[in-house]
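What follows draws every value from the coordinates through simple rules; no lab data is involved. A quick note: this is a predicted structure, and the numbers were derived from the prediction, not measured. Note that we place each Cβ from the backbone using ideal geometry, even for glycine, and neighbour counts take in every protein chain shown.
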Amino acid sequence: MDQNIRTAPTDEAELVQALKAGDQAAYVALVERYSSTIYNLALRMMGDRHEAEEVLQETFISAFRAVNRFEGRSQLGTWLYRIAHNAALMRLRKRRLPTISIDEPIWTDEGDEMPRQLVDWRGLPDDLAQSGEFRAVLDAAVATLSEALRSVFVLRDIEGLSTAEVAEVLGLTETNVKVRLHRARLALREKLSDYFASDAVVRAAGVGGGSEGGGHGHRM
């Protein structure tokens, strides 16, 4: 083994110092440690594997260029999430994908406002929640959310960050994160209601009209 090759430190503070010193092993370690989670975030935000790979590359290039300005006031992973989110957001704004709004009323032909039929999908059994079919349906629904709601939902309910971590990544208050997450969940419940209203899914999941009760989404 080449004695000049050093193993990258596992402690985060030491890893940051090694990165700032230009240690190649530290760069490799950073990519290996975070590439999977950053790619998953980018894929959920972009809905396209090629663009997710582009966001992944942009994230690490930006991180390597900016590492000397990293002051350690947040976790290294949180800092990378912020860079990746901003990179994805820039690409999404170029696309200007259509979005849905949970605030828009639904009107009948007679001019009466119709109540929204919502199915609570967050209590699904793991086998159904992890199925390829459900994940495809969920991904398509997430892609229709506004950028603001999508960001919060992906970080909190899919990537599993805490409310405080999401607030730090997005530069929001924790209250704003909770409000946006609530709106995102409502929007997705509406979007997925037709899917879960099918007899097969209802029988398999035992899903019914739900409450707004707690519980996190399944991380995928």
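Residue pairs whose Cβ atoms lie under 6 Å apart, separated by 6 or more positions or on different chains, with the first residue in region 42-59 and on the phi < 0 side of the Ramachandran plot and in contact (Cβ under 8 Å) with a residue 40 or more places away in the chain and the second of a type in the set (Asp, Glu) and surrounded by fewer than 22 Cβ atoms within 10 Å (Cβ to Cβ), do not occur. Candidates are the residues of region 37-80 that are of a type in the set (Asp, Glu) and surrounded by 17 or more Cβ atoms within 10 Å (Cβ to Cβ); the one that is nearest to the chain's Cα centre (by Cα) is Glu51.
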